[in-house]
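A quick write-up on the structure given underneath.
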Amino acid sequence: MRSTFMRLPALMMTSLLALSGAAFAEEPSHGIAMNGEPALPADYTHFPYANPDAPKGGDITYCVVGTFDNLNPFILKSMRTTARGVIDSIFGNLVFEPLMRRSAAEPFTLYGLLAESIEMDEERSYAVFNLNPDARWSDGEPVTPEDVIFTYETFAEKGRPPYSSRMARIASIEKTGENSVRFNFNDQADREFPLIVAMTPVIPAHAFDKETFDQATLEPVTGSGSYVIEKVEPGSRIVFKRNPEYWGAEVPSMRGFDNYDQITIEYFLNENAQFEAFKKGICSAYAGPIYTGLDPQKIERDFDFPAAQNGDVKVEAFETRIPPVVTGFVFNTRREKFSDPALRRALAKLYDFGWVNKNMLDGEHKRTLSYWQGSELSALGRPANEIERKLLEPYMDRVLPEVLDGTYGADLMQSEEIGRERLRSVVSDLRDAGYSIDGGVLRNPEGEPVSFEILLASADEEKLATVYQRALKRIGIDVTLRLLDDSQMQQRKQTYDFDMMIGSVGFSGSLSPGVEQLGRWGSEAARAEGSFNLSGASDPAIDAMIDAMLNARDAETYNAAVRALDRLLMSGAYYVPTQHSSKQYIAYWNDLDHPEEQPLNGFKLRSWWHKADQ
């Protein structure tokens, strides 16, 4: 029989930790915020961007580019080809649920779901989650503390990053009551970690075999969410059916969400096929290959079909109030050719934003340079304050002077096309770093030609890359472009088998960056297969800033740590960021409707519904 008290001998939890936590237990709270207090009171009825009176019924079809061969989203095998919707930042966690649910109306606050309340001490050295006694798996079995413990045991042994590494910060997990489970944290945990635990999906012990957990499966999995998997057509279609016995329909954090009786996700080989399916009415909504937003130029160019002209299809813009998603050309710094930051910095200056914005976009985009641009977390245009300088003091050699004093990027932000002056500046920088141009070819300090390949996933990416290729050719760099299908691209990402590719730092920006930054920039993630650290960034300075951010006790220190991290990322030139817009566009058939108020990050499809009269 599996014990309900889990110990990790290597972490050596002391009894004093458990006793001190028990002695100074706080009152149960309905929510937890990273900084400050939850905005919603204990008696709140629903999230502000949800309509609790939304009509239920009908079905919706989402169309995505790619394929799938797995229904278990928690394992490394087939991680990037797991069916959408099982857990999903865009369509929702339809099958698996966490202990607490994040509100997209606040920077980083969680409210009760599987756990109806949380108890912590001031130091956040432990967290007790009190499970909702009504919580049930889709097969009717209750959700228990044993399920929570099994989840962490299994993820630690068989799961993929980041789930597999979470036990490294946990001294022990203990069942403390019929419906309560306590996490005791060790000295590797930070103040954000209780929120990460609260957001981790929970799996049922009775429905999974730990021994075979790391094997891909196409058998429908059992969860506690609003939907069950009804039909699977490997690689092409998955159908979710609303569970009529869903336990959490009246939980405040779930009211107004998951309004369709059936959700179908159709897979297409490329974006062109996806868009044609939308035009025919197969897809209910369309916001690009992964539903993060439409390109305004595509709206102007391609929305002349009858349904768009007669009003059956609506295009709507939502204003986002968070930093933009950073998308751009990713240097794989694991490759020797891109290990030199001087080369990366020079090449980052050759993205012709002015030409792209004028000829390929709407002329209203802004150049992206900061990873938290447009917020108080951004270092762009802002001199480092005393706290930042103290944090960066041991690593000043990694920060460009112009990044430190806030003057970096003034020229790159302009919507002017690359001219001779920019080219001369880049060549001068490269010569100072030991590079030379011989016979029209740029050569590294060892005399070898600088050349590389850019992997691409769509025709739109190819257009952007062609512009970049043209600029690089002007200083003697030979760049080849290779267009891959989705499965090939996912495999290359998984194993970091590329020189350069177009990628994004995450699905969305954030006003409350946290532990996910370890997965995007941390040294450990750079060495782990399948992580989101595509660039291979591995720098003790970056690790130190993330640690300072995660352990900040007040907003001033937290903001300073994020800005210090921003300065390191800009100086290191791991990406060549492209551009962004504060507007998020989506097209949809007019039988859909949505709440008037939207979350900080734009539209939230999970809160939409079918109009009652259609």
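The values are calculated or read from the model by the stated rules, or taken from the named source; none is laboratory data. Keep in mind it's a predicted model, so treat the numbers as computed, not measured. When we count neighbours, we look across all protein chains shown, and the Cβ atoms used for this are built from the backbone with ideal geometry, even at glycine.
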Among the aromatic types (Phe, Trp, Tyr), crowded, with 16+ Cβ neighbours inside 10 Å and out of contact with any Cys (no Cβ under 9 Å at 6 or more places or on another chain): does that describe Phe318? yes
Identity of the residue in the range 93-125, surrounded by 22 or more Cβ atoms within 10 Å (Cβ to Cβ) and of a type in the set (Gly, Ala, Ser), that ends up farthest from Tyr558 (Cα to Cα): Ala115
If a residue must be touching a helix residue (DSSP H, G or I) at 6+ places or on another chain (Cβ under 7 Å) and either outside any helix (DSSP H, G or I) or polar (S, T, N, Q) (or both), how many such residues does the range 417-434 contain? 3
Tell me, please, whether a residue that is touching a helix residue (DSSP H, G or I) at 6+ places or on another chain (Cβ under 7 Å) and under 21 Å from Lys611 (Cβ atoms) can be found in the range 257-269. yes
Regarding the range 474-488, can at least one residue be identified that is within 24 Å of Leu269 (Cβ to Cβ), modelled with pLDDT under 95, of a type outside the set (A, V, I, L, M, F, W, C) and within 19 Å of the chain's Cα centre (by Cα)? yes
When you look at Ala342, is it more than 24 Å from Phe532 (Cβ to Cβ) and in contact (Cβ under 8 Å) with a residue 40 or more places away in the chain, yes or no? yes
Criterion first (acidic (Asp, Glu) and in contact (Cβ under 8 Å) with a residue 40 or more places away in the chain) does Glu336 satisfy it? no
Restricting the range 556-591 to residues that are polar (S, T, N, Q) and not in a helix (DSSP H, G or I), the residue that is farthest from the chain's Cα centre (by Cα): Asn590
Quick one: would you say Arg482 is among the charged types (D, E, K, R) and touching a Leu at 6+ places or on another chain (Cβ under 6 Å)? yes
Quick test for you: out of Ser458, Ser512, pick the one residue that is crowded, with 17+ Cβ neighbours inside 10 Å and within 20 Å of the chain's Cα centre (by Cα). Ser512
Evaluate the following for Leu484: is it free of Cβ contacts under 8 Å to residues at least 40 places away in the same chain, surrounded by 16 or more Cβ atoms within 10 Å (Cβ to Cβ) and in contact with a helix residue (DSSP H, G or I) (Cβ under 9 Å, 6 or more places away or on another chain)? yes
Just to be sure I understand the filter: pairs with C-beta atoms under 8 Å, separated by 6 or more residues or on different chains, first member in the range 408-424 and closer than 23 Å to Arg382 by Cβ, second member part of a loop (DSSP other than H, G, I, E, B) and of a type in the set (A, V, I, L, M, F, W, C). Which pairs pass? Tyr408/Leu369; Tyr408/Leu380; Tyr408/Leu400; Gly409/Leu369; Gly409/Leu380; Leu412/Leu369; Met413/Leu369
Going by the conditions given, is Tyr408 more than 17 Å from Leu350 (Cα to Cα), within 30 Å of the chain's Cα centre (by Cα) and aromatic (Phe, Trp, Tyr)? no
